[in-house]
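The values are calculated or read from the model by the stated rules, or taken from the named source; none is laboratory data. All of these numbers come straight from a predicted model, not from anything done at the bench. For neighbour counting, all protein chains shown are included, and Cβ atoms are generated from backbone atoms with ideal geometry for every residue, glycine included. All accessible areas refer to the heavy atoms of the entire protein, side chains included, with ligands and DNA or RNA removed. Shrake-Rupley method; radii C 1.70, N 1.55, O 1.52, S 1.80 Å.
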Amino acid sequence: MANSGSDVTKILVSGAYGTKNLGDNKVLSSISRMCRDRYGAVEVIATSIRPQATVETVGVDDAVPTIERDPINWLSVARSADLIVIGGGSVLGGSFVRRHAIIIGLAQFLDVKLYVVSAGICNSSSFQTLALKHSMNSIDAITVRDTDSRNELTAAGVSGPIDVVPDPGFLPEETVSDVSLEGEYVLVCCRSFPPVNRIDSGAIATALDQVVDRCDTNVVFLPFQRAGDDSDIAFSEEIRRKMDSDAVILRDESDISRVESIVRDAEAVLAIRLHSMILAAQQCTPFTAISYHRKCDALLQSLGITDYFRYDSIDATELAERLCADVHSSDPFENCRLRMDELERDCYTVLEKCDAQRRHRSVISRAALLVLVPLIVCRYVLQSRFDR
């Protein structure tokens, strides 16, 4: 329900947007709805590396280039915003620390309120961890999507309240797409892996062939990451080449409501991408998960799912048996619909929790950012010149 007494009219959302990633698009779409539910007729503007495409595929009012691509334009929007939201996804750590430390430092200078919303943490260097500590101690509210992220922030020296909330992906789209695929199918949502951590594509191909033979169904690949070096399309093609059965790869970029309908209508889902697990659970479509990261472990365990595959240990026969069982099942886990209704309600309370946190901005951390942000900018400029 909208907060009628709020003076928030414009919100700038920063995350991993514009990379042709269906999971990130889903997160942004949900955060946009959460903002409007909390603050009413608010203008939601996203930062994106592909602003026009983000506006066309996600329910935001506008999009601007990320701060490192067009700092003048970004500052123009930020100085007129009432709230900056960082989230969701794995935006606490790694290369994102650089971007968001700068954003937090500028928000501090502009005196704009800033929330971290439903975020997750990823691996960081010692310098990034230092920047993360002082950045997080300089903002107004922090919510994360799992207990591990909260524990790691606390261990890094982040003080004050940190609420654990659902991933925004659990919030279903308002518009239900009536576009569906023909026939029965098992949906496969792969994830590209670096060579050092390669998943056994041959085992997956063998398992899918067995499922086609035993369950009289088809295989459809839905790549979540559709561009860049880590595109899922190439890995989907690799698995398909190793299959004896025919399979279809959905290459076109789809809006989120159509993606949800494709997941909903599947007989079962082989989920490797985190948000493919989330969407399968949200649609109560039976799914078998292959975990590649602790964030997947945290999600599955929060849903009461303890029996799943690890990316480095896949038995083709066992995987086929599990998928066939999914095809003949009606729900992915016990009390699925009740659990999804609960998570949907909880998504709508995330910004209310942020408003109520009233975190104390550390004077020491705010002073530290005055030193760290120029260092980060210098390192970024030097790295950019080196990359060229």
Quiz item: If you take the square roots of the eigenvalues of the alpha-carbon gyration tensor of the range 36-118 and sort them as a ≥ b ≥ c, do you get rounded (a/c under 1.5), prolate (a/b over b/c) or oblate?
Solution: rounded
Practice problem: Would you tell me the accessible area of D111, worked out with a 1.4 angstrom probe on the heavy atoms of the protein chains, in Å² to the nearest 10? | Solution: 120 Å²
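Is it possible to state the helix-based mean residue ellipticity at 222 nm for the chain, with each DSSP H run of 4+ residues giving -39500 (n - 2.57), the sum divided by total residues, to the nearest 500 deg cm²/dmol? What is it? Let's see the in-between values first.
Values: 15 runs with 179 residues, N = 388.
Only helices count here, giving -14500 deg cm²/dmol.
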Quiz item: In terms of the Cα gyration tensor, with a ≥ b ≥ c the square roots of its eigenvalues, is the range 289-388 rounded because a/c is under 1.5, prolate because a/b exceeds b/c, or oblate?
Solution: oblate
Exercise. Determine how large the accessible area of T57 is when every protein chain is in place; take a 1.4 Å probe and give Å² rounded to the nearest 10.
Key: 40 Å²
Exercise. Please work out the C-alpha center-to-center distance from the range 1-63 to the range 70-98 and express it in whole Å.
Key: 12 Å
Quiz item: What's the percent breakdown of Cα-Cα distances in the range 236-294 across 10 Å bins, shortest bin first?
Solution: 20, 48, 31, 1
Quiz prompt | Percentage relative contact order, the range 84-202, counting C-alpha pairs under 8 Å, at least six apart | solution = 23 percent
Quiz item: How high is the relative contact order of the chain, in percent, with contacts defined as C-alpha pairs under 8 Å that are six or more residues apart?
Solution: 18 percent
Quiz item: At a 1.4 Å probe radius, carbon and sulfur cover how many percent of the accessible area of the range 1-116?
Solution: 49 percent
Quiz item: How large are Rg and Dmax for the range 315-361 when only the alpha carbon atoms are used, in Å?
Solution: 19.0, 54
Self-check item: Per principal axis, descending, Cα span of the range 103-256 in whole Å
Solution: 59, 41, 26
Exercise. Work out Dmax and Rg for the range 83-168 from the C-alpha atoms and quote the Rg first, both in angstrom.
Key: 11.4, 32
Quiz item: Using the per-residue mean of other Cβ atoms lying within 10 Å as a proxy for protection, in what order, highest first, do the peptides 272-282, 61-71 fall?
Solution: 272-282, 61-71
Quiz item: Roughly how many Å² is the accessible area per residue of the range 51-209, as a whole number, for a 1.4 Å probe?
Solution: 38 Å²
Self-check item: Whether the range 191-314 is rounded, prolate or oblate, judged on the alpha carbon gyration tensor where a/c under 1.5 counts as rounded
Solution: rounded
Exercise. Taking every pair of Cα atoms in the chain, average 1/r, invert it to obtain the Kirkwood radius, and report Rg/Rh to two decimals.
Key: 0.98
Quiz prompt | Ordering of 175-182, 366-373, 38-45 by packing [mean C-beta count within 10 Å, highest first] | solution = 38-45, 366-373, 175-182
Self-check item: Calculated Rg and Dmax of the range 3-148 using C-alpha coordinates, Å
Solution: 14.1, 43
Practice problem: Check cross-link reach from K10 to the lysines: straight Cα distance under 24 Å, and skip same-chain residues fewer than eight apart. | Solution: K26, K113, K353
Quiz item: Given a 1.4 Å probe and every protein chain left where it sits, what share in percent of the accessible area of the range 233-388 is carbon and sulfur?
Solution: 48 percent
Quiz item: Order of 206-213, 99-106 by packing, highest average Cβ count within 10 Å first?
Solution: 99-106, 206-213
